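Worksheet for the structure shown next.
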Amino acid sequence: MEPNKNGILLFGGTFDPIHNGHLQICRAAAELLAIEKVILIPSAIPPHKTDCNITPIEHRLAMAQAAVQHDAFFEVSDCELQRKGPSYTLDTVHHFQQLYGPTVKIHWLIGADMLREIATWYEISQLVEKCQIVTAVRPGHDLSHWQPKGNLLTPQQIQRLKSAILPTPLLDISATDIRNRAATGKPITNLVPDAVAEYIAAHNLYRFA
Ligand code: ATP
């Protein structure tokens with residue numbers, strides 16, 4: 001699918017594993033923004049999760065591909081595999097700006113938990129100028145009094161972030177919970193697409209989480 005006049009929606013994450021919460025907030029955000037193209041970007045080396053034991057990117061990428069294999073609305077990008085070092089969002093946004101050209105507006109979707117720590121992101125003030133960060137609400141992460149920490153963002157930038165908090169559905173799904181369930185043999189069938197559940201079982205992922 002080609003981008004329409006409203007641009008594209010990029011959605012990055014560790015995706016360990018990708019789950020129905022990810023896919024549903026993407027669909028809801030794209031509908032609210034009238035966007036017809038969503039690109040999922042598994043993070044090769046997530047800058048915010050360096051101490052965790054993360055599943056190799058090859059599995060996380062394969063699960064993302066399996067999750068949307070029959071859905072033309074989504075594309076999966078492996079662009080963060082091509083770079084060395086931490087997967088900075090700013091570099092990924094540059095990549096897509098070069099790919100699509102300056103007239104295609106780039107939206108970057110995050111969940112409410114990420115907005116709360118956004119001031120710690122690499123070159124955040126440049127990032128908010130280069131793309132429109134849009135936020136999906138998330139249970140347990142109230143944003144009604146949200147203010148970024150520090151003074152890296154201008155009042156206008158903060159206002160732009162606040163006004164792009166979207167009324168997406170509240171979905172109580174997390175990859176942590178899915179990994180824990182898989183580790184203890186509990187079903188995960190309603191939490192991830194069937195193809196992802198099959199991939200996890202076939203590759204014995206999360207058995208010792
Ligand atoms: P983990 O439990 O391992 O931290 P996660 O479920 O938060 O994982 P990530 O891959 O780390 O998933 O998240 C990618 C992006 O998706 C982040 O911006 C995160 O805030 C957002 N996100 C994940 N799950 C939800 C959800 N249920 N509702 C809203 N946003 C979500």
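Listed values, structure above:
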{"item": "Solvent exposure of the chain as accessible area per residue, Å², 1.4 Å probe", "result": "52 Å²"}
{"item": "Length released on extending from A72 to A201, taking residue separation times 0.36 nm less the Cα-Cα span", "result": "43.9 nm"}
{"item": "Length released on extending from S163 to H145, taking residue separation times 0.36 nm less the Cα-Cα span", "result": "5.2 nm"}
{"item": "On Cα atoms only, tilt of 20-33 relative to the major axis of the chain in degrees", "result": "30 degrees"}
{"item": "Under 29 Å from the Cα of K130 - lysines, other chains or at least 8 residues apart", "result": "K5, K37, K49, K84, K105, K149, K162"}
{"item": "Contact order relative to length of the chain, as percent, for alpha carbon pairs under 8 angstrom and 6 or more apart", "result": "25 percent"}
{"item": "T154-E58 FRET efficiency (beta carbon distance; Förster radius 35 Å; 0.05 resolution)", "result": "0.30"}
{"item": "J(HN,Hα) series, the range 129-134, from Karplus relation 6.51 cos²θ - 1.76 cosθ + 1.60, nearest Hz, glycine and proline x", "result": "7, 7, 8, 9, 7, 10"}
{"item": "Cα-based convex hull, the chain, per residue volume (Å³, whole number)", "result": "121 Å³"}
{"item": "Full-extension gain in nm, D177 to K105, via 0.36 nm per residue minus C-alpha separation", "result": "22.5 nm"}
{"item": "Crossing angle, helix 89-100 versus the chain [Cα axis fit, 0-90 degrees, rounded to tens]", "result": "80 degrees"}
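The values are calculated or read from the model by the stated rules, or taken from the named source; none is laboratory data. It should be emphasised that the depicted structure is a prediction, and the values quoted were computed from it without experimental measurement. Heads up, the Cβs are rebuilt from the backbone with ideal geometry, glycines too, and the neighbour counts pull from every protein chain shown. Accessible surface is based on the protein model in full, side chains and every heavy atom, while ligands, DNA and RNA are left aside. Shrake-Rupley method; radii C 1.70, N 1.55, O 1.52, S 1.80 Å.
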